[in-house]
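Values quoted throughout were computed directly from the atomic coordinates according to the rules given, and no laboratory measurement underlies them. These numbers were taken from a predicted model, which means no experiment stands behind them. Cβ placement follows ideal geometry from the backbone for every residue including glycine, while neighbour counts extend to all protein chains displayed.
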Amino acid sequence: MRILLCTDTFLPEVNGVTTVLATMRDGLRRRGYSVFVAAPDYGTPTADESDLRRLAAIPCPGYHQVRLSWPWGRGLSREFDRFAPDLVHVITEGPLGLFGRGYARRRGLPLVSSFHTDFPRYAARYLGEFAVGPTRAWLRWFHGAALLTQTPSGITCAELHEMGIPRGTVWGRGVDAVWFHPSRRSSSRRAAMDAEGRVLVLHVGRLATEKGVDTLVAAFTLARERLGDRVRFCVAGDGPRTELVRAALPFARHFGFLDRQTLADLYADSDIFVFPSPTETCGLVALEALASGVPVIGANAGGIPESLREGLTGFLVSAGDARAFADRIGELAEDAVQRGAMREAARAFAVGRDWARELDELESDYESLRWTRLAAAAPSTWPTTTSVG
């Protein structure tokens, strides 16, 4: 079977979507599928650029890590025709995803879409509540053409149905429990971070408004006031608010984006993972921390509650409640026995989210749609703000 993947984000950019997509591509190839990826050009080739079409891209205004392509008028349809896909999967709702959506409709090919990013909540935070209705209308229109829309949590899937996107299914919440493993823990690396004999508290994620960085800054500050020299803090990630976070947390170590190996080592070297983002459809970094045997203190919002077991693998805290986050950090930092029990439970939970099972389900979905014509999907009328939601 030949699968065309269209995405507006891919390696070497590091985020949850690119991690899931790279796992999809590599897993499908190992299982005998032919896969072709259309993605933006970042100017830095990855180790494997085979069956990958890079499109010239420019930095997104105000957020240079995101790259925007213009796929129209570049002969891309002819390249897709030469590949002759049996199914098109659009991963994102940007220009390349939109082009892939149109290509599938023109050729009458089965179309699958993914919903990884909670754009309505992003719109509310960045533009105001007035932007939520038009954003939902756009998403209904975009995903309404798909025979199946994959999203990584049951909570988000229910929100899609409420929004008027009826063919949602839960997929994509796996973690590589072999790569992210407690055995990577290193006393020498911890000593180099001045964390030996102390509790190392870690945050990994994009440093942007919608990710709860204000809560993170306040929680780390309050926790340090309580715990003093007994704790070390680390922040890994980049984004529009990087400089603000660095200035507000001068006592923390700041790493920026890390390669996959360094990140896995940092997880394993840590003792507590803090993730205050209220807009996650899954929260892959939380799963990576759990696989590394690190208890997670996460926001009780979005898809995070499906990746945590309250009091067993970590704690769920009301989104935006910096004091509650700090209190949970303090509780775990001062209770080595509880941390140890949570480390074991975290690892056991993550092992049950292995990617092999997710890829089995992906294969099943693809095969079930292989001979379905796109005409069976919902009409592709232009979005309006008067429909459901």
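Normalised radius of gyration (Cα atoms, divided by 2.2 N^0.38 Å) for the chain: 0.99. Amide H contacts of Leu200 (H built 1.01 Å from N, in plane; Pro and chain starts excluded): Arg232, Asp271, Ile272 sit under 5 Å, all sequence-distant by 5 or more or on other chains.
Given axes a ≥ b ≥ c from the Cα gyration tensor, I'd like to know whether region 182-351 is rounded (a/c under 1.5), prolate (a/b larger than b/c) or oblate. Taking the square roots of the gyration eigenvalues as a ≥ b ≥ c, region 182-351 is rounded. Between Gln261, Gln150, Gln338, the residue with the greatest mean-square fluctuation in the GNM of the chain (Cα pairs under 10 Å linked by springs) is Gln261. For region 158-169, 3J(HN,Hα) computed residue by residue from phi via the Karplus equation (6.51, -1.76, 1.60; θ = phi - 60°) reads 5, 5, 4, 4, 5, 6, x, 10, x, 9, x, 8 Hz, glycine and proline entered as x. Scalar couplings 3J(HN,Hα) for region 336-342, obtained by applying the Karplus form with A = 6.51, B = -1.76, C = 1.60 to θ = phi - 60°, are 5, 5, 4, 4, x, 5, 5 Hz; x denotes Gly and Pro. Across all C-alpha atoms in region 287-332, the radius of gyration and Dmax reach 10.0, 27 Å. Each of Ala291, Met193, Phe220 was scored by the projection of its Cα onto the charge dipole of the chain, and the greatest displacement toward the positive side belongs to Ala291; charges sit on the C-beta of Lys, Arg, Asp and Glu.
Plainly put, region 63-124 has a radius of gyration that is 1.02 times its Kirkwood radius, both from alpha-carbon atoms, as the Rg/Rh ratio.
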